[in-house]
Structures are given as structure tokens and as C-alpha cells.
1. Taking 8 Å as the Cα distance limit and 6 or more residues as the minimum spacing, I'd like the relative contact order of the chain as a percentage.
2. Note down the Stokes-Einstein diffusion coefficient of region 18-312 in µm²/s, whole number, using a Kirkwood radius over alpha carbon pairs, 10 °C, and 1.306 mPa s.
3. So what is the 222 nm mean residue ellipticity for the chain from helices alone, if each DSSP H run of at least 4 adds -39500 (n - 2.57) and you divide by all residues, rounding to the nearest 500 deg cm²/dmol?
4. Ranked highest first by the average count of other Cβ atoms within 10 Å around their residues, in what order do 308-316, 5-13 fall?
5. Return 273, 115 ranked ascending by Cβ neighbour count within 10 Å, so the fewest neighbours appear first.
6. Distance in nm between label sites at residue 168 and residue 287, each 7 Å beyond Cα in the beta-carbon direction?
7. Take each of the peptides 201-208, 258-265, average the number of other beta-carbon atoms within 10 Å over its residues, and list them starting from the highest.
């Protein structure tokens with residue numbers, strides 16, 4: 001049964017922290033994978049899950065930097081993963097499966113935003129390739145051990161999904177690149193991925209969610225010029241990060257931690273969450289809270305899955321879809 005895209009009254013909100021949403025939750029004996037779990041809200045997520053007793057695997061493009069960052073956190077291991085490189089995705093998945101362990105929580109947290117036009121792999125647009133296709137391939141490669149543990153899979157989307165639906169006639173932006181449209185498309189893809197994965201995985205006990213973490217001052221915005229950040233109100237004239245409307249990293253990580261662990265979501269899935277609750281559908285017009293209907297549409301989700309399978313050559317459900 002599909003989960004309604006409406007708030008459930010979780011009791012948490014925009015200022016809730018990872019500590020608050022994990023209160024009373026014991027993750028001892030659980031294994032979590034957090035992509036990009038060594039920077040920004042990914043690091044806060046790693047710290048929170050490990051603090052609740054989980055063993056956390058952090059796949060990282062900058063392995064040495066990741067090892068240095070998480071060195072003081074108990075029960076964390078680092079492996080190498082470049083989401084823009086499908087061979088790197090394959091290698092990580094094969095190493096993990098060979099370890100003989102199952103997965104209880106998988107948080108697809110890593111991503112890039114508003115970068116200059118960049119091509120990876122066979123000429124793919126980098127934001128779509130890294131934020132969506134890399135995570136799509138990772139989940140499909142890891143599917144046997146995801147299903148084994150009946151895992152929850154959480155993919156970090158953004159309110160930026162409201163910038164753009166999927167550009168079905170030019171997914172790779174080969175006929176004119178716009179960094180914010182490309183980012184919006186990638187974040188819409190993250191939400192649609194969760195919709196279809198939940199449909200395909202629920203019989204195995206796997207449930208999937210997408211989340212908007214909120215506005216947080218992290219390195220995610222490193223490609224955005226100072227003038228744009230100033231105009232958007234992200235920084236002041238002196239270059240200091242704005243505080244009004246921004247979350248702390250612990251608040252920003254709370255929604256993905258909540259979606260991955262909360263017993264309130266038992267039996268649910270396939271929905272977009274924000275502020276530690278299921279989000280409401282968004283209205284038309286300017287950027288608002290909530291989720292646009294095109295980012296939760298089952299038909300669009302199935303279409304994107306098919307396209308992603310064709311592009312990556314990977315589909316764990318090929319025999320059943």
C-alpha cells in the first residue's frame with residue numbers, strides 16, 4: 001500500500017537535531033553505509049549513527065581525507081568510492097559483498113551542486129551522473145545485501161528539485177547547460193529513485209525515502225560564486241555565513257537520520273521528507289516547502305528507473321520488472 005505524501009505529526013521539526021530524533025533508539029549490531037559521510041551533514045550523520053551504536057561504513061572519493069576526518073569516531077570504517085565512475089561503484093560493491101555483511105541502513109548522502117559544466121564517464125552531465133546515476137548503480141550493485149537485511153534506503157534530495165523536472169528530451173544537457181536546472185533535475189531524480197525503489201523493494205522488506213535536509217552552510221556550495229551567495233542571502237558583505245533560515249549541520253542531518261531509523265515510519269516508504277516528517281505536496285509558483293508532484297509521480301519514477309538501467313547497464317530487478 002502506498003504511503004500518503006502528508007505529514008504524520010512526528011513531533012519533530014526544522015530545528016530538531018540528530019540527538020533528539022535518535023533519543024531512545026539503539027542501533028547496536030546495525031550496519032549503516034553513508035556515502036560522503038565525512039563532510040558536512042554526512043559527517044554529522046556518521047557521528048550520530050555511530051553514537052547510537054551502529055557500525056558505519058563511509059565510502060569516500062577522497063579516502064585519505066575521510067580517514068583523517070572520522071578518525072576520532074568509534075566504529076567507523078572508510079572505503080573508496082567515486083560515484084561518477086561506475087567501475088569505482090562496482091569495485092566498492094564487490095568488496096563490501098565479499099565481506100559477508102548485510103546492510104541495515106543506506107544513506108545516499110554524497111552529492112555536488114551547481115558546478116560548472118562537467119562531463120564524466122561517457123559524456124554524462126556530472127550532477128545527474130554523480131547525484132543520481134552513481135547512487136542508482138550503487139544500490140543495484142548492493143541489492144543482495146540490502147535485501148538480506150531488509151534495509152531502509154534514504155536518498156538526499158533537496159528543495160532544489162523544484163527548479164526542474166526531468167529534462168526527458170535532453171537529460172545530459174547536451175543542448176545548453178544551466179547549472180541550476182541540472183541541479184534541480186538531479187534532485188528530482190533522487191526523489192523519483194526513492195519512489196520506484198520502494199515499489200520494487202518492499203516485498204523484500206526494503207523501504208526507501210528521499211529527504212530535503214534544509215539550508216545548511218557546508219562545502220556543497222563551493223561552486224557558487226560569492227556574488228550569487230551574497231544575492232541569495234547565504235553570506236553577508238563580509239563573507240560570513242548567514243544564520244537566519246539556515247540549519248546547523250546537526251539539524252540538517254536530522255531528517256535523514258530520522259528517515260533511516262524512526263519507528264514512526266515502520267511500514268511506510270516511497271515518500272519525500274523534510275523537517276523530520278513526511279512533507280506535504282508543494283503548490284505551484286515560487287520555491288516553497290514541500291514536494292512537487294512531478295518528483296513523486298509513480299509513472300515518472302518507473303520511466304527514470306528504466307532510463308537509469310539503460311545508461312548504467314545495471315538493474316537488480318531486471319528479471320522481475
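1. About 23 percent, as a whole number.
2. D = 84 µm²/s.
3. So the calculated ellipticity at 222 nm is -10000 deg cm²/dmol.
4. 308-316, 5-13
5. Least crowded to most crowded, the residues run 115, 273.
6. Inter-label distance under the simple model: 2.6 nm.
7. Ranked by mean Cβ neighbours within 10 Å, highest first: 258-265, 201-208.
Throughout, read-outs are computed from the coordinates displayed, never taken from laboratory work. Since we're looking at a predicted model, the values are computed, not measured. Here the Cβ is made from the backbone with ideal geometry for all residues, glycine too, and neighbour counts use every protein chain on show.
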